[in-house]
1. Inside the range 25-39, can you point out the residues that are surrounded by fewer than 16 Cβ atoms within 10 Å (Cβ to Cβ) and charged (D, E, K, R)?
2. Within the range 351-385, how many residues turn out to be in a loop (DSSP other than H, G, I, E, B) and either touching a Leu at 6+ places or on another chain (Cβ under 6 Å) or closer than 16 Å to Asp398 by Cα (or both)?
3. Go through the residues of the range 335-343 one by one and say whether even a single one is part of a strand (DSSP E or B) and within 30 Å of His34 (Cβ to Cβ).
4. Look through Ala113, Ala97, Ala171, Ala178 and report the one residue that is assigned to a loop (DSSP other than H, G, I, E, B), over 21 Å from Ser278 (Cβ atoms), assigned by TED's automatic domain parsing to the domain that holds Gly317 and modelled with pLDDT of 95 or more.
5. Can you name every residue in the range 258-276 that is small (Gly, Ala, Ser) and within 19 Å of Pro290 (Cα to Cα)?
6. Within the range 1-14, take every residue that is at pLDDT 95 or above and surrounded by 15 or more Cβ atoms within 10 Å (Cβ to Cβ) and give me the one that is nearest to Leu192 (Cα to Cα).
7. Restricting to the range 354-388, count the residues that are surrounded by fewer than 19 Cβ atoms within 10 Å (Cβ to Cβ), farther than 22 Å from Glu25 by Cβ and not acidic (Asp, Glu).
Amino acid sequence: MIFPILILALVLRLISLNQSLWLDEATTAYVASHFNFGEIITRFAPSDFHPPLYYLVIRAWSLVFGTSEIALRMPSVIFGVLTIWVVYKISKSKLAALLAATSGLLIYYSQEARMYSLVTLLVSYLVYWFMKKKWFLFSIFLLLVGMTDYPALLIIPVFWILAEKDWKKLAISHLPLAFSYFFWWPVFLRQLSSGLSVGASWSALLGETNFKNVALIPVKFILGRISFDNKNVYALIVIIACVIFGYLLFRSIKNLKLFWAWLIIPIILAALIGFKISIFSYFRLIFVLPAFYILVAQGISNLKKPWVYLFACCVLGVNLLGSSAYLLVPKFHREDWRGLVNFVESQKKDKSITLFVADSNMEAYRYYAPNAKIAGPEALKAGYDQIWLMCYVKDIFDPNDTLKSKVESLKYQKVGKYDFNGVVVWKYTE
């Protein structure tokens, strides 16, 4: 019966897969197409905030399948479906697998050309090998986790707390990771220094520990990346869903120490680190979501009939609400750079330019229009027929609207404002 669940997981992850890339995915595309394997490690990684394994994987994949939206996202789809398989292997519960298969948040990140689906799979396998006491395989997957995403290493204390008499074998299993970080440490320190030097605006965006980000963890874990325009309705749905899931978690509180530790300890550690380094965000903790659904499924199984069926339907209904809304409603999709670029480039005249408030935000535009005339603020001057002013993350890079003021000081007139699912551009003419 697990195979129909895997097929369902695959089908759900293929719906709306061809939506536009957003900025970080465009960065993935840029790395895959412009850096070879060695350059990813030596040139790109030091300026990024992640270890290089995912980029190496996507580089190898792109050499065979290209860098279209679907091609770039298919590895994450595969990782996402395999995660459902591992959840079943860990829990022996088809219900846990079904809940993970229909999770709005797991579906979302199974459709993103980033490392989060991969690291969720790797951590799930890590837990599986720990349960089976397969220490060689555990050591290999621990190395893979450590070279994919730093926050996922917060799973390590879970194993030390529960290792008991196996602590020596556990310690030996860390040697490949320690050996790799002996060489990787200078790059990590450079990345860490960059992370610590970001401004307050970036820290708030990337994930500092505050009440909002704490509250978002249960909300996004349960409903995924959706909301409702009517905030009262949204609040009511959130409250009802949290009560249902919270009750089921309470019902699973006995005899599942590993899964509770897997769920709670990385969240607590990330929250503590988040006061200093901005890593505390629900999507960076997606690797604990399999544990969440295993516990919820166990809570349902601990109920008496007919409550088992009622609560199973309720949880599945919440999952389908969140995943269907994301998959079928375009406003919940990613930033529509494809639509923006097609629109702007079709409207441009000979003496037109697209200006960005920062040079670091151009990858998505370049992906869809490699030869487009775009530039940073230094290219502003008189004489253009049109200026298309990108407002993307201007609150961080240009909070005082300096570029906008300079454009208007040159007597350009704002004649249009266009929003493509969160990517805003202003049109100016002479």
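1. Residue satisfying the conditions is Glu39 alone.
2. Residues that pass the stated criteria total 7.
3. Checking the range 335-343: not a single residue is part of a strand (DSSP E or B) and within 30 Å of His34 (Cβ to Cβ).
4. Answer to the check: Ala113.
5. Ala261, Ala270
6. Arg13
7. Result for the range 354-388: 8.
Rundown of residues vs (1) more than 30 Å from Ile172 (Cβ to Cβ); (2) crowded, with 19+ Cβ neighbours inside 10 Å, yes/no style:
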| position | (1), (2) |
| --- | --- |
| Ser76 | yes, yes |
| Lys94 | yes, no |
| Val123 | no, yes |
| Trp135 | no, no |
| Ser139 | no, yes |
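The values are calculated or read from the model by the stated rules, or taken from the named source; none is laboratory data. In this text, all values refer to a predicted model and were calculated from it rather than measured experimentally. Cβ sites come from the backbone with ideal geometry, for glycine too, and all protein chains shown count toward neighbours.
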